[in-house]
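Q: I have a structure here, written as C-alpha cells, and I will follow up with some questions on it.
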Amino acid sequence: MRTLLGSWMLGVLVLASAETASAQTRPYPECTAEPTESDVAAAKGAFQAGQASFNEADYERAITYWEDAYRRDCTAHALLLNLARAYELGGDKRQAVEALQTYLARKPESPQKDQINRRIEVLNQQIDKEEAAAAAAPPPEPTPAPETTPAPQPTSPPPAPAPAPKASDNFWVGPAIVGGVGVLAAGTGVVVHAIGDADEDAAAEQCPARVYCSREVEEQGNSGIFKQKLGVGMMIGGAAAVGGALAWFLLAQPEPASTPAGEPTAHSKMLVLPALGQGYAGLGLSGSF
C-alpha cells in the first residue's frame, strides 16, 4: 500500500557538506511489513518533529525522530534521503552513505539515481581523504613539566645616567646666527653703496651740470643715489644686528662659578653702541669693571 507519507516527502532537496566521518555504520532492516494507518499517522508526526529539529540545526534530535518515523513506516523510502542529509551534517558520513545506498536498493527506479550515485562517490572520497589525513597527523606531543624559575638574585643598581646638557651650554647659537645675518647685511650694504657711487659718478661725467640731461643719464644718477641710501641703510641695520648679537652673547653667558666667601666677584659691564658718521658706519664699545 502506497502511503501518503511517502508521496509528500519526495520533494526534499539533498545537498553535500564536508564533515568528519564515523567509523561504523548501522544497516537498515528489511522492509517486509505493510504499515497500519496508526503507524502512518505516528510516522507523520515523528517526521514533522524531526523536520522542526532539522531546521534548528539539531541534527541528532532530527535523526532520532526520522529513524523512528522510518521504523514505523518503512515504505516511506524518501525518509532515507532526509536521514542521509542529517547524518552528513551531523558528521557521520559513513551512515549517510549507508542511507543513500539503502534508498537506491529499495528505489532502483528513482529519477534521482545518477545524482545520488555521484553524491555517494563524493562522500566516499571525503571519507578516504579524512582518514588519510588522520593517519598522517603526528601524535600529540607530551606536555613538558613546568620549569621552576630560580629566585632572582639581587643586583646592583644601574649607574646614574649622564646629566643632560643644559640649555645654557648652547647660549652662543642664537647670537651667532643673528650676528652672522648682521655681518652679511652690512657687507651687502657696502657693496650696494659702492655700486651706487659708481653709477652716480658715471652719470655726473656724462652730465656735469646735472640739468637738461638725457632720461637715461637721469635714471642712472637717481639709481646710484638710491643705491647709496640703500647701502647705508643696510650697513646701519647690519651693524645694529651685530651689536645686538654681541650684547645677547654677553648677557646669555652662564653664571660664573661661585667664589669662596669673602672674595668679591668681578662683574664686567660692556655697552655696544652703533657709530654712524658721514660716509661710514661701525660699532663702538665701552665698558667698566
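The values are calculated or read from the model by the stated rules, or taken from the named source; none is laboratory data. It should be emphasised that the depicted structure is a prediction, and the values quoted were computed from it without experimental measurement. Ideal geometry is used to build each Cβ from the backbone, glycine not excepted, and the neighbour counts take in all protein chains shown.
Q: If you take the residues in the stretch 195-207 that are over 12 Å from S223 (Cα atoms) and among the hydrophobic types (A, V, I, L, M, F, W, C), which one is nearest to the chain's Cα centre (by Cα)?
A: Within the stretch 195-207, the subset over 12 Å from S223 (Cα atoms) is 204-207.
Then drop every residue that is not among the hydrophobic types (A, V, I, L, M, F, W, C), which leaves 204, 207.
Values: A204: 74, C207: 77 Å.
Of everything passing the filter in the stretch 195-207, A204 is nearest to the chain's Cα centre (by Cα).
Quick grid of which residues meet (1) closer than 25 Å to A133 by Cβ; (2) modelled with pLDDT of 95 or more:
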{"site": "V14", "(1), (2)": "no, no"}
{"site": "T32", "(1), (2)": "no, no"}
{"site": "D39", "(1), (2)": "no, no"}
{"site": "Q51", "(1), (2)": "no, yes"}
{"site": "H77", "(1), (2)": "no, no"}
{"site": "L89", "(1), (2)": "yes, yes"}
{"site": "V97", "(1), (2)": "yes, yes"}
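Q: Just the residues that are surrounded by 10 or more Cβ atoms within 10 Å (Cβ to Cβ), of a type in the set (A, V, I, L, M, F, W, C) and within 41 Å of the chain's Cα centre (by Cα), please, taken from the stretch 119-150.
A: Keep residues of the stretch 119-150 that are surrounded by 10 or more Cβ atoms within 10 Å (Cβ to Cβ), which gives 119-132, 134.
Those still in the list that are of a type in the set (A, V, I, L, M, F, W, C) too: 120, 122-123, 127, 132, 134.
Once the filter is applied, which keeps residues that are surrounded by 10 or more Cβ atoms within 10 Å (Cβ to Cβ), of a type in the set (A, V, I, L, M, F, W, C) and within 41 Å of the chain's Cα centre (by Cα), the stretch 119-150 yields A132, A134.
Q: Check E219, E255 and return the single one that is acidic (D, E) and either at pLDDT 80 or above or crowded, with 16+ Cβ neighbours inside 10 Å (or both). Walk me through how you get there before you give the answer.
A: Details: E255 fails: either at pLDDT 80 or above or crowded, with 16+ Cβ neighbours inside 10 Å (or both).
So the residue among E219, E255 that is acidic (D, E) and either at pLDDT 80 or above or crowded, with 16+ Cβ neighbours inside 10 Å (or both) is E219.
Q: Can you list the helices (runs of 4 or more DSSP H) found entirely within the stretch 41-108 that contain at least 2 residues being surrounded by fewer than 17 Cβ atoms within 10 Å (Cβ to Cβ)?
A: Numbers: elements: 59-72, 78-90, 93-106.
The helices (runs of 4 or more DSSP H) meeting that bar are 59-72, 93-106.
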